[in-house]
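Scroll down for the structure; my scribbles are underneath it.
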Amino acid sequence: MEKRTIAVIFGGCSSEYEVSLQSAYAVIRGFDLNKYEPILIGITKEGAWLRFHGSIEKIKDGTWPLSDCTRAIISPCRETQGLIEFGGIETRIIRLDAAFPVLHGRNGEDGTVQGLLELAGIPIAGCKTMASALSMDKDRAHKIVSLAGVRVPMAFVLKDDKDSESILKQAAGIGYPLFVKPVKAGSSLGISKVISGSELLTAVKMAFMFDDEVIIEESISGVEIGCAVLGNDELIVGEPDEIEITESFFDFKEKYTLATSKIHVPARINADKAKEIKEMAKLIYKVLGCTGFARVDVFLTPAGEIVFNEVNTIPGFTENSRYPKMLNAIGMEFSKVVGTAIELSLSGV
């Protein structure tokens with residue numbers, strides 16, 4: 001059987017560049033090389049697109065752009081349906097059967113790259129443009145999911161930080177503690193938990209460093225539960241996981257070091273509640289138009305109420321990341337998860 005050519009796109013103009021490299025390294029290692037030929041496309045921090053021909057160990061250690069690269073771009077032309085590689089005096093066209101973006105955060109997880117791939121007619125492993133853009137936008141995702149009857153945190157959005165009096169008044173209406181977040185950012189970057197009004201304006205200024213919109217949001221008491229969802233129409237949901245934190249919240253450092261936190265798979269909840277959360281995760285996934293794969297995060301209050309938090313359309317994909325661990329808990333090995341994601345993109349369903 002002829003191998004399918006699958007582009008793995010990694011790196012990117014994002015504050016989560018380094019995280020992308022680790023996820024991409026694991027995804028590439030998870031390829032069945034008897035079925036798929038990975039075409040490695042790296043995007044530097046500066047935004048240069050390069051076809052990488054070297055050892056994937058150089059992706060893991062971050063040295064990949066220093067050698068074994070040629071300039072390359074995804075052609076938006078559907079007749080090409082692939083990559084144009086500029087190698088000295090020769091230009092090559094590599095037709096792609098599908099693309100697997102492993103890009104976290106802005107300029108990759110937010111629908112930008114997905115839009116290019118859809119324009120080019122290249123099937124995408126993972127969510128398409130609309131679902132990626134909506135899920136990245138915390139405010140719009142909450143509004144849409146709330147229309148489906150799911151509870152979301154009380155919140156308001158700022159376009160700038162000029163009217164400090166109004167900001168303080170609206171925040172007082174929600175009540176402290178509360179969270180200040182960039183509307184479109186990942187990995188908890190730019191997020192602060194604010195205990196009183198004296199801290200609020202500083203937290204708002206910091207959040208504006210990561211985005212041009214900031215959301216101020218109710219703090220939900222309880223635990224954060226995640227669900228790994230895999231599929232297009234028929235959905236597979238892994239065992240829900242639970243984040244146990246000892247600090248104020250699960251920030252960037254905790255997500256990638258677990259210095260004082262623990263992840264429990266399965267979550268420490270009863271079977272009925274786990275089933276309810278899985279069904280809610282499926283509903284949220286479908287409401288936002290997700291396909292391929294995504295991680296749906298919710299809060300579970302002490303009263304047992306489920307509150308929507310966010311959807312990560314390209315969750316961490318190392319073998320130790322939450323998403324594959326939840327699927328592993330129902331018997332899906334990492335390579336099976338990667339292969340299923342690819343096959344879902346090729347199915348065209």
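Laid out as a table, the results:
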quantity: Those strands (runs of 3 or more DSSP E) lying entirely in the range 75-134 with at least 2 residues crowded, with 24+ Cβ neighbours inside 10 Å and under 13 Å from the mean Cα position of the chain (by Cα); calculated: 98-102
quantity: Among residues of the range 38-57, those that are open to solvent by 60 Å² or more (accessible area, probe 1.4 Å) and either touching a Leu at 6+ places or on another chain (Cβ under 9 Å) or within 13 Å of SER20 (Cα to Cα) (or both), counted; calculated: 2
quantity: Enumeration of residues in the range 1-35 that are over 19 Å from GLY316 (Cα atoms), of a type outside the set (Asp, Glu) and surrounded by fewer than 21 Cβ atoms within 10 Å (Cβ to Cβ); calculated: MET1, LYS3, ARG4, THR5, LEU33, ASN34, LYS35
quantity: Residue match in the range 51-60 (condition: touching a Cys at 6+ places or on another chain (Cβ under 8 Å), small (Gly, Ala, Ser) and at pLDDT 95 or above); calculated: yes
quantity: Selection from the range 39-70 of residues that are closer than 22 Å to VAL338 by Cβ, more than 21 Å from the chain's Cα centre (by Cα) and not hydrophobic (A, V, I, L, M, F, W, C); calculated: ARG51, HIS53, GLY54, SER55, GLU57, LYS58, ASP61
quantity: Test: residue in the range 251-267 that is over 28 Å from LEU21 (Cβ atoms) and modelled with pLDDT of 95 or more; calculated: yes
quantity: In the range 284-305, the residues that are outside any loop (DSSP other than H, G, I, E, B) and either polar (S, T, N, Q) or open to solvent by 10 Å² or more (accessible area, probe 1.4 Å) (or both); calculated: LYS286, VAL287, ARG295, PHE299, LEU300
quantity: Cross-chain or 6+ apart pairs with Cβ under 6 Å, the range 143-157 first and under 12 Å from VAL307 (Cα atoms), then at pLDDT below 95 and acidic (Asp, Glu); calculated: none
quantity: Number of the exception - VAL229 against (1) over 25 Å from GLU305 (Cα atoms); (2) open to solvent by less than 50 Å² (accessible area, probe 1.4 Å); (3) outside any helix (DSSP H, G or I); calculated: (1)
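The values are calculated or read from the model by the stated rules, or taken from the named source; none is laboratory data. Small disclaimer: the values here were computed from a predicted structure and weren't measured. Here Cβ is always computed from backbone atoms with ideal geometry, including for glycine, and neighbour counts include all displayed protein chains. Side chains are part of the model used for accessible areas, which takes the heavy atoms of the whole protein and leaves out ligands, DNA and RNA. Shrake-Rupley method; radii C 1.70, N 1.55, O 1.52, S 1.80 Å.
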